[in-house]
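Asker: My structure is below; once you've seen it, I'll send some questions.
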Amino acid sequence: MPIHVVQQGECLSSIAHRYGFADPAVIYGHADNAELRRRRPDPHTLFPGDHVFVPERAEKEVDCSTGKVSSFKVKLPTVKLHVVLVGADGQPMKGLAYKLIVGDRTIEGTTTDEGAVEQDVPADATVGQLFLKMREDDEEGFPLTLDIGHLDPIEELSGVQARLENLGFHCGGETTLGARTRAAIAGFQKKAGLEPTGELTDETRQKLAEQHDG
């Protein structure tokens, strides 16, 4: 089977779906992906250029009768989309009605007390449209575009910058560890109770992962 080279927007679930695996753990846990597991301890965040070994897929056989129509139900794989919304005041945006559009699916719900939107979406989804009803008379809702599966691993600088941006610490579009990114890191460190040095330490990565991903 092939070595799959990860593209931006792909995660292990979407790769598994592409190659016909219902459970992405079958791929991730394969012996030939030991190096991938070492480099990417979180299978949900892969980095463009990562190599994923895809094993042979076991064929499933079912018995059916001849001379009649047989019906089979196939359950398409999904992944859990979890987004936490926080206002400019730092408080969770709780109790807001929303509409989530992913592909041909429209899902309606209400944000939790933690300001979370949590829904099952197709495993190969890469983008979604979220409309938040900020007021009772708001018919359309405030639009947000969700790039599903695009978050880079915390081990990569781009993954650090994306998490800082999502938490309101802006890096000014930098792709290197420049002055604006260091200022964003220092701002996050101060809020997280760390010494605001602006240095990207292991402790800072851990705190950032806890507050953003946890």
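The values are calculated or read from the model by the stated rules, or taken from the named source; none is laboratory data. In this text, all values refer to a predicted model and were calculated from it rather than measured experimentally. In this analysis, Cβ positions are derived from the backbone assuming ideal geometry, glycine residues included, and neighbour counts consider all displayed protein chains.
Asker: Of the residues that make up region 120-140, is at least one at positive phi, surrounded by 11 or more Cβ atoms within 10 Å (Cβ to Cβ) and not in a strand (DSSP E or B)?
Answerer: There is no residue in region 120-140 that is at positive phi, surrounded by 11 or more Cβ atoms within 10 Å (Cβ to Cβ) and not in a strand (DSSP E or B).
Asker: Next question, about the same structure. Considering every residue within region 31-50, establish whether at least one is over 17 Å from PRO153 (Cα atoms), assigned to a loop (DSSP other than H, G, I, E, B) and without any contact (Cβ under 8 Å) to a residue 40 or more places away in the chain.
Answerer: no
Asker: Right, another one. Can you tell me which residue within region 19-30, out of those that are part of a helix (DSSP H, G or I) and over 17 Å from the mean Cα position of the chain (by Cα), is farthest from ASP50 (Cα to Cα)?
Answerer: Result: VAL26.
Asker: Could you please give the count of residues in region 63-83 that are at pLDDT 70 or above and part of a loop (DSSP other than H, G, I, E, B)?
Answerer: Going through region 63-83 one residue at a time, the tally reaches 9.
Asker: Here's another thing I want to ask about it. I'm trying to understand the selection: among the residues of region 1-16, which are in contact with a Phe, Trp or Tyr (Cβ under 9 Å, 6 or more places away or on another chain) and either within 15 Å of ARG57 (Cα to Cα) or in a strand (DSSP E or B) (or both)?
Answerer: Correct list: MET1, PRO2, ILE3, HIS4, ILE15, ALA16.
Asker: Could you list all residues from region 91-118 that are surrounded by 19 or more Cβ atoms within 10 Å (Cβ to Cβ) and outside any loop (DSSP other than H, G, I, E, B)?
Answerer: TYR98, LEU100, VAL102, VAL117
Asker: Here are the criteria: (1) crowded, with 16+ Cβ neighbours inside 10 Å; (2) under 22 Å from the mean Cα position of the chain (by Cα). Tell me which single one THR175 does not satisfy.
Answerer: Against the list (1) crowded, with 16+ Cβ neighbours inside 10 Å; (2) under 22 Å from the mean Cα position of the chain (by Cα), THR175 comes up short only on (1).
Asker: Count, please, the residues in region 181-195 that happen to be among the charged types (D, E, K, R) and crowded, with 16+ Cβ neighbours inside 10 Å.
Answerer: Residues that pass the stated criteria total 1.
Asker: Residues in region 166-201 that are out of contact with any His (no Cβ under 8 Å at 6 or more places or on another chain), part of a helix (DSSP H, G or I) and closer than 28 Å to GLY115 by Cα: how many?
Answerer: Summing the residues that are out of contact with any His (no Cβ under 8 Å at 6 or more places or on another chain), part of a helix (DSSP H, G or I) and closer than 28 Å to GLY115 by Cα in region 166-201 gives 9.
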